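Engineer: I'd like to ask you about the structure that follows.
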Amino acid sequence: MQPIEALGKRLFFENISDPSRMSCATCHAPNTGGTYNVSGVNLHQVAVTGARPHLRPKDLAEGEEKTTLKNAGGLKPPTNQYVSFIHENEAKGLKSLQLARLGPCGIFPCGGAFWNGRANGDIVQNTNLIFNANDASGQKKGFYTKYLGPLADQAFASPFLNPVEQNHKSKEDVCSQVESTAWGKELYYLAWGVDLTCQSEAESATAFARFAVALAAWQMSEDNNRFNSKRDIALAEDDNQQFPLNGLTDLENEGHDLFYGPARCSICHNSNGANGTHPLERYTDDSYHAIGVPRNYELPGSPLPDIGLHSTLINLGLNPDANDLPFPPFSVQNAFVGAHKTPTLRNVDLRPGKGFTKAYAHNGWFKSLESIVHFYNTSDVAGETAALFGVVRCPDGIVTEKDALANNCWPEPEIPNAPLLTIGGVTGDLGLTAHQEAAIVAYLKTLTDTTIVEAPKPYKTSSKPQKQGKK
Ligand code: HEC
Ligand code: HEC
């Protein structure tokens, strides 16, 4: 592992928080494929409680209302795996947020990290803090520039400082906590060729930005993106590398054909052409769509519907209300309200045990692959497929997935009139049988890595071991 990756891995797994009890890996746990590994939370609250569970009123900033107190965010942790990676010296995946008319995703915006894309890929780069031409860090430019982008921006955003996440008060505090460890000082020096120092605000700001680059480097590494799922192995070992693959069951192969055919999943969950045989397929178009997920009233504080990409467009200075968007078919009012990033489907079924519940979609409303696939098939309650299954719109008061399934109904979408809602068009009325739904689920389960990322072992200093102080 390269020193920059080793530093990033430590930063990811150590409890760098106030109090020191939460790491990136708390919310992006390897044994659930980079998302939360507490079943009961996934089942109800979904959002993960931050390092300090109870914010006390005296912590309020001046003028802040008590009612804004929250100890958890309002979204499901998406996986941090297969977001972007470097494979055999080739960078794959996430690019900066593109809004051009004919970008890599055609007329759709794409790129950027977070459910709404706000880690747009330029943020760390624009700090100009990473490479200093006057010291050894400047010599790293040629090697590390590939790590600048949405993943670094995401870490810079930053979970370390977010009061509902790792809750550090300042970059100085983050820098100091890392500086107080043997791994922090040593790995930082190995990675950057300069000492980690947190004496001033400026020094801490530099270190903090470089931590973000290191986090990106590890998250882009082969350690975090293994490409060794049942599907990958079957594909590599297949005689002609075409589906049906000898190494998959009939049901799994059937699921593949549906995914790339009548079920239309590959319209969005596809990064490398239409037939699904690319070894590095990521199962996402890196773009943003509204698929009509119902509102999750069980999130802490029952936040208002999440408007997704729309908020990022506003923050980038575009005015979606004034038809400011550069692509005519979508220059309708509020075109991207409710559009969320298409997540990768790799490791979507990775879980610690059989009875373990994972939550799906940005607000975690769905609790199983079976139910989200059934939703794609029948969510257009006016459609023929819904009629065949007897699925209707839920009456008021039926809001959870459990109650909806029990009553054979779907609640209305979180944002009912989202202009780009795919229900009734691309999704929602797929005409699949129950057997075909099961085949798609079986196929999704072949995308689970066969080995799991391991947390780093307790750190051994690379130089002379330090004397352990007794307490
Ligand atoms: C308290 C839980 C929590 C912690 C701690 C946390 N995250 Fe996250 N992470 C989330 C949530 C929730 C989101 C989605 C937020 C959004 O989209 O606005 C997210 C989003 C991300 C994404 C974006 C993935 C994508 O496809 O767009 C990455 C990458 C990521 N986190 C990495 C990290 C790193 C690195 C750290 C540590 C520095 C970290 N996270 C700490 C909960 C957490
Ligand atoms: C129009 C684009 C589109 C199509 C078509 C589509 N998806 Fe999705 N998919 C998305 C988006 C966008 C999300 C996230 C939605 C949200 O969070 O609001 C998503 C979420 C998911 C998730 C949840 C993943 C997670 O980590 O939370 C699964 C599983 C999934 N899709 C599977 C499928 C399958 C299977 C099909 C075909 C039956 C399909 N999708 C068709 C865009 C699409």
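Engineer: Can you give me the angle between helix 434-444 and the longest principal axis of the chain, using Cα atoms only, in degrees from 0 to 90, rounded to the nearest 10?
Structural biologist: Long axis of 434-444 versus the principal axis of the chain: about 20 degrees.
Engineer: Right, here's the next one. Out of the stretch 348-445, which chymotrypsin sites (Phe, Trp or Tyr not before Pro) are coil in DSSP terms and have no more than 16 other C-beta atoms within 10 Å?
Structural biologist: 356
Engineer: When only DSSP loop residues count, what trypsin sites (Lys or Arg not before Pro) in the stretch 331-402 have their Cβ near at most 12 other Cβ atoms within 10 Å?
Structural biologist: In loop regions of the stretch 331-402 (DSSP not H, G, I, E or B), the sparsely surrounded trypsin sites (Lys or Arg not before Pro) are 354.
Engineer: Let me ask something else. Taking GluC sites (Glu not before Pro) as exposed when DSSP calls them loop (any state but H, G, I, E, B) and at most 12 other Cβ atoms lie within 10 Å, what is the longest stretch of the chain free of them, the sites themselves excluded?
Structural biologist: 89-453
Engineer: At 0.36 nm per residue, minus the direct Cα-Cα distance, what do residue 20 and residue 88 gain on full extension? Give it in nm, one decimal, please.
Structural biologist: Length difference between fully extended and current span is 20.9 nm.
Engineer: Can you tell me the orientation of helix 3-13 relative to the chain, as the angle in degrees between its alpha-carbon axis and the longest Cα principal axis, to the nearest 10?
Structural biologist: 70 degrees
Engineer: Moving on. Give me D for the stretch 372-463 in µm² s⁻¹, whole number, from Stokes-Einstein with Rh from the Kirkwood sum over alpha-carbon pairs, 20 °C and 1.002 mPa s.
Structural biologist: 136 µm²/s
Engineer: For the chain, what mean projected area does the convex hull of the alpha carbons give, in nm²?
Structural biologist: Quarter of the Cα hull surface area: 25.1 nm².
Engineer: While we're on this one: Would you please calculate the Kirkwood hydrodynamic radius of the stretch 106-260 over all C-alpha pairs and express it in Å, rounded to one decimal?
Structural biologist: 18.3 Å
Engineer: May I ask you to list the residues of the stretch 274-294 whose amide nitrogen lies under 17 Å from a point 7 Å from Cα along the Cα→beta-carbon direction of residue 412?
Structural biologist: 291-294, by backbone N distance to the label point.
Engineer: Can you compute the helix-only [θ] at 222 nm over the chain? Use -39500 (n - 2.57) per DSSP H run of at least 4 residues, normalise by all residues, nearest 500 deg cm²/dmol.
Structural biologist: Rounded to the nearest 500, it is -7500 deg cm²/dmol.
Engineer: Residue separation times 0.36 nm, minus the C-alpha to C-alpha distance between residue 44 and residue 222: what's the value?
Structural biologist: 60.8 nm
Engineer: Now for a different question. Report, in debye and to the nearest 20, how large the dipole of the chain comes out about its Cα centre when Lys and Arg carry +1 and Asp and Glu carry -1 on their Cβ.
Structural biologist: Roughly 1580 debye for the chain.
Engineer: With point charges of +1 on the Cβ of Lys and Arg and -1 on the Cβ of Asp and Glu, referenced to the Cα centre of the chain, which listed residue (131, 292, 36) lies farthest in the positive direction of the dipole?
Structural biologist: Of 131, 292, 36, it is 131.
Engineer: Further, regarding this structure: Taking the Cα atoms only, what angle lies between the long axis of helix 182-192 and the longest principal axis of the chain, rounded to 10 degrees?
Structural biologist: The angle comes out near 80 degrees.
Engineer: For the stretch 156-204, taking Cα atoms only, what is the radius of gyration to one decimal and the Dmax to the nearest whole Å?
Structural biologist: Gyration radius and largest Cα-Cα distance of the stretch 156-204: 11.3, 34 Å.
Engineer: Beyond 20 Å between alpha-carbons counts as too far, so tell me which of 92/341; 9/169; 92/358; 402/445; 171/457 fall in that bin.
Structural biologist: 9/169; 92/358; 402/445; 171/457
Engineer: Let me ask something else. Where the convex hull is taken over the Cα atoms of the stretch 253-318, what is its projected area averaged over directions, in nm²?
Structural biologist: 7.1 nm²
Laboratory data are not the source of any read-out in this text; all were calculated from the coordinates shown. Keep in mind that what you see is a predicted model, and the values were worked out from it rather than measured. Backbone-built Cβ (ideal geometry, glycine too); neighbour counts: all protein chains shown.
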